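Step one of this worksheet: look at the structure below.
The values are calculated or read from the model by the stated rules, or taken from the named source; none is laboratory data. Here the structure is a predicted model, which is why all the values come from computation and not from measurement. Please note: Cβ atoms are built from the backbone with ideal geometry, for glycine as well, and neighbour counts cover all protein chains shown. To get the accessible areas, we keep the full protein, side chains included, count just its heavy atoms, and leave off ligands, DNA and RNA. Shrake-Rupley method; radii C 1.70, N 1.55, O 1.52, S 1.80 Å.
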Protein chains: 2
Amino acid sequence: MVVTPQSMHFEPPLALQSGASIRDYRLAFETYGTLNADGTNAVLVCHALNASHHVAGVYAGQDKSEGWWDNMIGPGKPVDTDRFFVIGVNNLGSCFGSTGPGDINPDTGRVYGADFPVVTVEDWVNAQALLLDRLGIRRLAAVMGGSLGGMQALSWTLQYPDRVGHAVVVASAPNLTAENIAFNEVARRAIVTDPDFHGGHFYAQGVIPKRGLRIARMIGHITYLSDDVMNEKFGRQLREAVADSVTGYRYTTQDIEFQIESYLRYQGDKFSEYFDANTYLLITRALDYFDPARAHGGNLTTALQRATCKFLLVSFTTDWRFSPRRSREIVKALLDNRRDVSYAEIDAPHGHDAFLLDDGRYMGIMRAYFAGIARTLGATT
Amino acid sequence: MVVTPQSMHFEPPLALQSGASIRDYRLAFETYGTLNADGTNAVLVCHALNASHHVAGVYAGQDKSEGWWDNMIGPGKPVDTDRFFVIGVNNLGSCFGSTGPGDINPDTGRVYGADFPVVTVEDWVNAQALLLDRLGIRRLAAVMGGSLGGMQALSWTLQYPDRVGHAVVVASAPNLTAENIAFNEVARRAIVTDPDFHGGHFYAQGVIPKRGLRIARMIGHITYLSDDVMNEKFGRQLREAVADSVTGYRYTTQDIEFQIESYLRYQGDKFSEYFDANTYLLITRALDYFDPARAHGGNLTTALQRATCKFLLVSFTTDWRFSPRRSREIVKALLDNRRDVSYAEIDAPHGHDAFLLDDGRYMGIMRAYFAGIARTLGATT
């Protein structure tokens, strides 16, 4: 499936949760499949920290340009683009095409940098709704996402309950724990205290806070994987064992000794080449802030009363960042409200990353759930 | 109990595991209690990453100068200094009194800095043994430690099996997992890539890589605590909620919003004021390298054949850095060798930090075990 990114410009100011607003912004998006005549087969896919509107397919002439959820979405795939019209949107504040900190602030004529307004999951959902308006989509057959994307899917059911038929919330949580916030904060501190960050206005200096971005990404990678899968993939393997040595160690504190170090440094380097530092701050903050129960005295059941759609929740046993326990909190709150909820807890070894990987049971459940939605639309099965 | 630090100088070179050696070094230590006439009541306490020879008691005229295991060791305490002669030693390469990277290299006349030789758990044990020789202690009633200190206690039983009566190994592991190494590596990268690190020779520049040390310490703190105890202590509490606001959020990416952020920043700042950056690299590397089974093809049972003493192992259910599973590996390998092993798995909420905290069951087990040792020495009960 060859796909083409698109962009939509919005002139009127969007009021943000913080009280600030943003005007003259654009949203990058992609669509796959065809919207049916009555406009009922649309599926919105929300992305997590590091992803974008490029959800599925490849770009013409670009090898290895598969979208980040290409195993899930496409012709004949679990979310079948022969049946559904799928939309991926890059969120405001990101760095992959939608307006973000690297763009010009129309109020000042200078790059936003650290002055880009703080955006929340709720703000993203509002912006996504405006895009759907423009695309002529009144109601979604489904909204779906994993991790931070799952938070957006959940928020859709609260902000626009009459515009969502199904919400598919994968490897997500009703809010972050203190430990999650802590990891985000360390990553942010690494970026902000990098001398090349310049208070978030590094663009004008011609530098990038790569040191901080590397550290942030390394921390991220540790938390995306399970202890077990790290042991299986890397264990205590050395990158290059010294021959004729009992231990094989090189005895170095600054050079790479273990394979896991090599892997993390590589991931950090790669990330620092393309990801925007201010975007990293904004997106981790959106994660920290999401907490629909907060306005209801911490009562998630009350908070989820507004949601009227049907739900599929999926979690993965070894995901310690968004553990099954957190998904079960959402399931319980929905059941307290007598909502229609399916829940699958997948016994997978890969930790949080599992939501992006191929697992027969996981894919099977998603396929069956979306086939069920397709049947209610009267699409061919 | 008022205590006084001491120091011992060693002139002859100490051969290190790496092949390098170190000469003209000193070891800072403290002792509590009295060595009995036949020299059989000595207990060596080994320290972990951030601690020192100041294990128990207070310094004269210094409020709040309690040693790091003062709840465990002292007159009438579980390790009763009315019965035992307890020794705490600061390890080589540390920054609390023993020779370390901030000292002058006698070969060059310049500060060691990054040229301080890589030291291992085995090297530390060898140095500790030399100190015991000087103190006239042929055999230890017990060697004990938590975390990295537990690794040293275990290594004593392999390097000097005839010099140890009991080994008490708390919240430890037979080696680090890939995830543990990964956290250490991120911390090291934060330090090494701090522009103020200057390749480890920052002393001459009059600067300290505080940014890196802060990040390292913040990561450490997250891994020392359990998710549950973090939620209980900090949860999603804001440092200063905005009045007349549904969420109370200030909406900021760089300033403190949540209490957990405030806590971590404070811990990071404090640590960066006193801890040496090169020491941090050395000690985390010693953790990474410890792996007695490595020389035996990964077979821990074979590796532990040399150990002949009696063992007490203790782990804590919520410790995800040195989980009970890792302690059980040691227990199993010792039982395979038909050694005398006691094992306690304490249901404590505090994560890895639990080994330093008061817990009735934990303290009770330690008290009973050391009372048993004392009885075999003929000490009064």
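Out of region B:241-251, which residues are within 7 Å of chain A (Cβ to nearest Cβ) and among the hydroxyl-bearing types (Ser, Thr, Tyr)?
Looking only at region B:241-251, we keep the residues that are within 7 Å of chain A (Cβ to nearest Cβ), and these are B:246-247, B:249, B:251.
Of everything in region B:241-251, those that are within 7 Å of chain A (Cβ to nearest Cβ) and among the hydroxyl-bearing types (Ser, Thr, Tyr) turn out to be B:THR247, B:TYR249, B:TYR251.
Please go through region A:2-48 and give me each residue that is of a type outside the set (Gly, Ala, Ser) and on the phi > 0 side of the Ramachandran plot, ordered by number. Let's see the steps before the verdict.
Of region A:2-48, the ones of a type outside the set (Gly, Ala, Ser) are A:2-6, A:8-14, A:16-17, A:22-27, A:29-32, A:34-36, A:38, A:40-41, A:43-47.
If the condition is that a residue be of a type outside the set (Gly, Ala, Ser) and on the phi > 0 side of the Ramachandran plot, then A:ASP24 is the only one that fits.
Give the number of residues within region A:161-186 that are closer than 20 Å to A:GLY298 by Cβ, within 7 Å of chain B (Cβ to nearest Cβ) and aliphatic (A, V, I, L, M). Can you show your working first?
Our first condition is that a residue be closer than 20 Å to A:GLY298 by Cβ; within region A:161-186, this holds for A:169, A:172-182.
Within this subset, residues satisfying the condition of being within 7 Å of chain B (Cβ to nearest Cβ) are A:175, A:177-179, A:181-182.
The next check asks that each one be aliphatic (A, V, I, L, M); those that pass are A:178, A:181-182.
So the answer is 3.
Taking (1) of a type outside the set (Asp, Glu); (2) open to solvent by 10 Å² or more (accessible area, probe 1.4 Å); (3) assigned to a helix (DSSP H, G or I) in turn, B:TRP68 satisfies each apart from (3). Residue count for region A:272-310, restricted to those that are under 30 Å from A:ASP227 (Cβ atoms) and more than 13 Å from chain B (Cβ to nearest Cβ): 3.
Considering A:ALA20, A:ALA114, A:ALA28, which residue is surrounded by 20 or more Cβ atoms within 10 Å (Cβ to Cβ), among the hydrophobic types (A, V, I, L, M, F, W, C) and out of contact with any Asp or Glu (no Cβ under 7 Å at 6 or more places or on another chain)? Step through it out loud before you land on a result.
Details: A:ALA20 fails: surrounded by 20 or more Cβ atoms within 10 Å (Cβ to Cβ); A:ALA114 fails: surrounded by 20 or more Cβ atoms within 10 Å (Cβ to Cβ).
So the residue among A:ALA20, A:ALA114, A:ALA28 that is surrounded by 20 or more Cβ atoms within 10 Å (Cβ to Cβ), among the hydrophobic types (A, V, I, L, M, F, W, C) and out of contact with any Asp or Glu (no Cβ under 7 Å at 6 or more places or on another chain) is A:ALA28.
Can you name every residue in region B:336-355 that is assigned to a strand (DSSP E or B) and either buried (at least 22 other Cβ atoms within 10 Å of the Cβ) or in contact with an Asp or Glu (Cβ under 8 Å, 6 or more places away or on another chain) (or both)?
Going residue by residue through region B:336-355, those that are assigned to a strand (DSSP E or B) are B:341-346.
Hit for region B:336-355 is B:ILE346, nothing else.
Just one of the listed residues (B:GLY136, B:GLY145) is under 20 Å from B:LEU304 (Cβ atoms) and either in a helix (DSSP H, G or I) or not acidic (Asp, Glu) (or both), namely B:GLY145. The single condition among (1) in contact (Cβ under 8 Å) with a residue 40 or more places away in the chain; (2) away from chain A (no Cβ under 14 Å) that B:ASP359 does not meet is (1).
Considering (1) in contact (Cβ under 8 Å) with a residue 12 or more places away in the chain; (2) facing chain A (nearest Cβ under 9 Å), the lone condition that B:ALA216 does not fulfil carries the number (2).
Being within 11 Å of A:PRO174 (Cβ to Cβ) and open to solvent by 30 Å² or more (accessible area, probe 1.4 Å), is that true of even one residue in region A:304-315? No - not one qualifying residue is present in region A:304-315.
Can you name every residue in region A:126-150 that is among the aliphatic types (A, V, I, L, M), open to solvent by less than 40 Å² (accessible area, probe 1.4 Å) and touching a residue at least 60 places away in the same chain (Cβ under 8 Å)? Quick ask: steps written out before the conclusion?
Keep residues of region A:126-150 that are among the aliphatic types (A, V, I, L, M), which gives A:127, A:129-132, A:135, A:137, A:140-144, A:148.
From what's left, open to solvent by less than 40 Å² (accessible area, probe 1.4 Å): A:127, A:129, A:131-132, A:137, A:140-144, A:148.
Across region A:126-150, the qualifying residues are A:ALA127, A:LEU131, A:LEU132, A:ILE137, A:LEU140, A:ALA141, A:ALA142, A:VAL143, A:MET144, A:LEU148.
Of the helices (runs of 4 or more DSSP H) contained entirely in region A:163-274, those carrying at least 3 residues that are among the aromatic types (Phe, Trp, Tyr) and open to solvent by 10 Å² or more (accessible area, probe 1.4 Å) fall at A:259-274. The set of residues from region A:1-39 being under 22 Å from the mean Cα position of the chain (by Cα), among the hydroxyl-bearing types (Ser, Thr, Tyr) and in a loop (DSSP other than H, G, I, E, B) comprises A:THR4, A:SER18.
For B:ALA333, state whether it is open to solvent by less than 30 Å² (accessible area, probe 1.4 Å), assigned to a helix (DSSP H, G or I) and among the small types (Gly, Ala, Ser). Taking the combined requirement at face value, the residue satisfies it.
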